[in-house]
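Engineer: Dumping the structure here so I can ask a few things about it.
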Amino acid sequence: MKNLMKTISTRTGAVKLSMSVVIFLIILKVVVSIISRSISISAQAADSLLDIFSIGITFIALKKAAVPADKEHPFGHGKAEGLAAMIQAALVLGAGFFIIYTSIQRIIHSTAIEPDEGIAVMIVSIIASFFLSRHLHRVAKATGSTAIDASARNISADVYSAAGVLLGLLMVRITDMVILDPIIALIMAGFVLKAGYEVTVRAVHELIDYALPGEEQQILNNCLDEHNNLIVEYHAVRSRRAGNVCFIDLHIVMPRYLSFEDSHAMCDHLEQDIRDKISSANVIIHAEPCTPEYCIRCAITACEIRSY
């Protein structure tokens, strides 16, 4: 069991687990949608089918992102995850509009349904999707994977949509108002479109080199501020994310009387400190000598630098 948990907590292991769970749910939903003739369950099955495509895309993207940097891609292949997330967003948005279309058609052409089987399968779907989405969120947070985060959001949307379908089927069972089935499906479509929008925003941020999130940016700033007694100042701080790798570069100003060796030692120390606090960080620091106006602050000695 311990080895199994370790395996599914990796990026590829999490994707394989997602694939297995979603395939099981698709088969279940397709069979029950045929039996019950429920449009909301059919919409759920279609949404889960798109999840299969998105998970497959995620798996391919993770393998591509893991390829080491080469001559043609000196910064690595991490943005493959951003591309995968963008494709997933398109699939999710497509599913949302498909649900809206089919729901409107069902409202126009009302059809009787058998809700009992659907109620059972929705309960199973909610439980399975809830625990799967929580696991994927943990893996995405631990690995910094945009693609896995997109999959986690997709599965989270399934939880809400399945709960809406369950509510609708229960209401149909109690009131015999068949129109509630497509109405609930329309509400479900709203959650699906919201999830698609959130995935789109994150994917675009990665593809256009958006700065690190506020929480990580604050960690970086705090780390630099902790070294105020060893550097004169810092500026031109830039950051971006590609896959699970954070790229950070900045300039630091050092006392002009320090040797090249001592300044380099300070850069090495600061780079390591940032990497210790921000996982998978690729840090480049450019050291500059201070100008005369900074002389009043140059109380830093070479001994202090070497002590680190």
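Engineer: Among the residues of region 250-260, is there at least one that is among the aromatic types (Phe, Trp, Tyr) and at pLDDT 80 or above?
Structural biologist: yes
Engineer: Could you list, in sequence order, the residues of region 161-185 that are surrounded by fewer than 19 Cβ atoms within 10 Å (Cβ to Cβ) and part of a helix (DSSP H, G or I)?
Structural biologist: Scanning region 161-185 gives Leu167, Leu170, Met171, Arg173, Ile174, Thr175, Ile183.
Engineer: Looking at region 241-259, which of its residues are touching a helix residue (DSSP H, G or I) at 6+ places or on another chain (Cβ under 8 Å), part of a strand (DSSP E or B) and closer than 18 Å to Asn282 by Cα?
Structural biologist: Arg241, Ala242, Cys246, Ile248, Leu250, Ile252
Engineer: Same structure again: Tell me yes or no: at least one residue of region 106-123 is modelled with pLDDT of 85 or more, surrounded by fewer than 23 Cβ atoms within 10 Å (Cβ to Cβ), in a helix (DSSP H, G or I) and in the same structural domain as Val172 (by TED's automatic domain parsing).
Structural biologist: yes
Engineer: How many residues does region 186-203 contain that are without any contact (Cβ under 8 Å) to a residue 12 or more places away in the chain and surrounded by 18 or more Cβ atoms within 10 Å (Cβ to Cβ)?
Structural biologist: Counting residues in region 186-203 that are without any contact (Cβ under 8 Å) to a residue 12 or more places away in the chain and surrounded by 18 or more Cβ atoms within 10 Å (Cβ to Cβ) gives 0.
Engineer: May I ask you to list the residues in region 217-245 that are modelled with pLDDT of 80 or more, touching a Lys or Arg at 6+ places or on another chain (Cβ under 9 Å) and not aliphatic (A, V, I, L, M)?
Structural biologist: Result: Asn222, Cys223, Glu233.
Engineer: Are any residues in region 193-236 basic (Lys, Arg) and within 12 Å of the chain's Cα centre (by Cα), and if so, which ones? Before the answer, list the steps.
Structural biologist: Step one: list which residues in region 193-236 are basic (Lys, Arg), which gives 194, 202.
Passing the criteria: only Arg202.
Engineer: Looking at Gly76, Gly94, can you tell me which residue is modelled with pLDDT of 65 or more and not β-branched (Val, Ile, Thr)?
Structural biologist: On inspection, the qualifying residue turns out to be Gly94.
Engineer: Now a separate question. Is at least one residue of region 260-277 free of Cβ contacts under 8 Å to residues at least 12 places away in the same chain, surrounded by 14 or more Cβ atoms within 10 Å (Cβ to Cβ), of a type in the set (D, E, K, R) and in a helix (DSSP H, G or I)?
Structural biologist: The answer is yes, given that some residue of region 260-277 is free of Cβ contacts under 8 Å to residues at least 12 places away in the same chain, surrounded by 14 or more Cβ atoms within 10 Å (Cβ to Cβ), of a type in the set (D, E, K, R) and in a helix (DSSP H, G or I).
Engineer: Is at least one residue of region 136-152 over 19 Å from Phe97 (Cβ atoms) and touching a strand residue (DSSP E or B) at 6+ places or on another chain (Cβ under 9 Å)?
Structural biologist: Yes, region 136-152 contains a residue that is over 19 Å from Phe97 (Cβ atoms) and touching a strand residue (DSSP E or B) at 6+ places or on another chain (Cβ under 9 Å).
Engineer: Which members of region 205-225 meet the condition of being hydrophobic (A, V, I, L, M, F, W, C) and within 11 Å of Ala242 (Cβ to Cβ)?
Structural biologist: The first filter runs over region 205-225 and keeps only residues hydrophobic (A, V, I, L, M, F, W, C), leaving 207-208, 211-212, 219-220, 223-224.
The one that is hydrophobic (A, V, I, L, M, F, W, C) and within 11 Å of Ala242 (Cβ to Cβ): Leu207.
Engineer: While we're looking at this one, here's another question. Go through the residues of region 186-202 one by one and say whether even a single one is farther than 30 Å from Val245 by Cβ and of a type in the set (Val, Ile, Thr).
Structural biologist: Scanning region 186-202 turns up at least one residue that is farther than 30 Å from Val245 by Cβ and of a type in the set (Val, Ile, Thr).
The values are calculated or read from the model by the stated rules, or taken from the named source; none is laboratory data. What you see is a predicted model, and the numbers here were worked out from it, not measured in a lab. Here Cβ is always computed from backbone atoms with ideal geometry, including for glycine, and neighbour counts include all displayed protein chains.
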